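*Asks:* Pasting in a structure now, in structure tokens, and then I'll have a few things to ask.
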Amino acid sequence: MYEHFFLCPYCWEEVSMLMDPSISKQTYIEDCEVCCNPIEVTPEFLGDVLVGFEAREIGQ
């Protein structure tokens, strides 16, 4: 597993997520561990290296 730290697009607190680098590109929804709002997360891996990452509000 790969741990990545980023700022929540809702509360701007630093949060971390564990991601599976065996899947090269994926998009999924995960709740912020601080404010509980849903975040659309899109990590992209090349081997075991994180080469792209987006965290967006999903506009409820």
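*Asks:* Kindly provide the set of residues from region 1-13 that are open to solvent by 50 Å² or more (accessible area, probe 1.4 Å), assigned to a loop (DSSP other than H, G, I, E, B) and touching a residue at least 24 places away in the same chain (Cβ under 8 Å), ordered by number.
*Replies:* Matches in region 1-13: 10 only.
*Asks:* Among the residues of region 14-60 satisfying the criterion of being of a type in the set (Val, Ile, Thr) and assigned to a strand (DSSP E or B), which is nearest to residue 1 (Cα to Cα)?
*Replies:* If we take residues in region 14-60 being of a type in the set (Val, Ile, Thr) and assigned to a strand (DSSP E or B), then 49 is nearest to residue 1 (Cα to Cα).
*Asks:* Give region 33-60 a look and list any residue that's of a type in the set (Val, Ile, Thr) and modelled with pLDDT of 95 or more, or say none.
*Replies:* Matches in region 33-60: 34, 39, 41, 42, 51.
The values are calculated or read from the model by the stated rules, or taken from the named source; none is laboratory data. Note that this is a predicted model, so its numbers are computed, not measured. Every residue, glycine as well, gets a Cβ built from its backbone with ideal geometry; the counts of neighbours run over all protein chains shown. When the accessible area is computed, the model is the full protein with side chains, heavy atoms only, and any ligands, DNA or RNA have been set aside. Shrake-Rupley method; radii C 1.70, N 1.55, O 1.52, S 1.80 Å.
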